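The numbers here are math on the coordinates, done by the rules we state, and not lab data. Quick caveat: nothing in here was measured; it's all calculated off a predicted structure. Heads up, the Cβs are rebuilt from the backbone with ideal geometry, glycines too, and the neighbour counts pull from every protein chain shown.
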Amino acid sequence: MKAIVQAEPKAAAERTEPQEFVTPVVNIFETRDGYALEAEMPGVNKAGLEITLEGNEITIMGRRAAEAVNGELLFRERSVADYRRVFELDPAIDTGRISAKMEQGLLTLALPKSERVKPRKITVSD
Amino acid sequence: MNLTRYQKPDLAWPSFGRLSSLRDELDRLFESPWTELARTSQLLSGWTPALDVHEDKDNFIVHAELPGMKREEIDVSLHDGALSISGERKTEEKHEEAEAYRTERFFGKFQRTVPLPAPVAADKVKAQYKDGVLTVTLPKTEEAKPKQIDVNVN
């Protein structure tokens, strides 16, 4: 009889539901000195921003600030989901010198290249 | 015996004229005050910032996503019962010597027009730009606000 009883489903609190994210639009530029990454995350401010570096992978996550809107929704195009995007970094980037700036929903990351990697002239001694 | 002329059933072989009028009928069935606004956000027309429209007892509230802009670059105007949000995002000169790896962001001019379902007090409209979101609050005129009507029973 006991064999017929199925294993109990996990309690709701244990089940991890994957959160849906929206991918922020980015522009990436490269110069001799490094990379510049701009990610658009409207509705996100510095407090909601989370940037994590793991190995050579950088994860940008932005949580939207709560917007107090009372009233009935008449028309919607904006997403309610938070932002998330993962990038693989060029090994030439000096991860210790990565800096970030957040202004009006636009994240700007400066990813400088290691000094060693930059092309440099080698003087020839006589 | 009645000899009646054989009439080919109309719908068996519809002409193009009938098909397009059928399409129009279906369009009318699904049309809401917002279909015009939805149509303006077509992918091919370039940059069309996403927007939401809310309504409460006293106001209409429009949110538009315009990240990375300066307040002076955004233009908000009211004309003929419709809110118009427009502007131009100029490309940054500092990236000119750089090699573009990925360019997904839109630049240039944009314009969205939101038809308002009820009249608003133009002089009381407020706009705020924060965290890359433009919030326009449009207070309804007194006549447009919902009113309680007392029912008299005689």
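One table, with the values for the structure above:
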quantity: Calculated FRET value between residue B:57 and residue B:100, using beta carbons and R₀ = 45 Å, to 0.05; calculated: 0.40
quantity: Computed E for residue A:68/residue A:122 - FRET, C-beta separation, R0 45 angstrom, nearest 0.05; calculated: 0.15
quantity: Sparsely packed trypsin sites (Lys or Arg not before Pro) within region A:79-126, loop by DSSP, other Cβ within 10 Å at most 12; calculated: A:120, A:121
quantity: Cα-projected label distance for residue B:22 with residue B:141, points at 7 Å along beta-carbon direction, nm; calculated: 4.4 nm
quantity: Residues in region A:71-111 that a label on residue A:50 would reach, taking backbone N under 12 Å of a point 7 Å out along Cα→Cβ; calculated: A:82-85
quantity: Of the trypsin sites (Lys or Arg not before Pro) in region B:71-119, those whose Cβ has at most 12 other Cβ within 10 Å and which sit in DSSP loop; calculated: B:90
quantity: Residue A:95/residue B:35 FRET efficiency (R0 51 Å; Cβ-Cβ; nearest 0.05); calculated: 0.55
quantity: In region B:95-154, GluC sites (Glu not before Pro) in a DSSP loop with at most 16 other beta-carbon atoms within 10 Å; calculated: B:96, B:97, B:104
quantity: Residue-span extension gain [residue B:152 to residue B:47] - 0.36 nm each, minus C-alpha spacing; calculated: 32.4 nm
quantity: Model label zone, residue A:32; criterion: amide N under 14 Å from point 7 Å along Cα-to-beta-carbon; scope region B:78-115; calculated: B:97-99
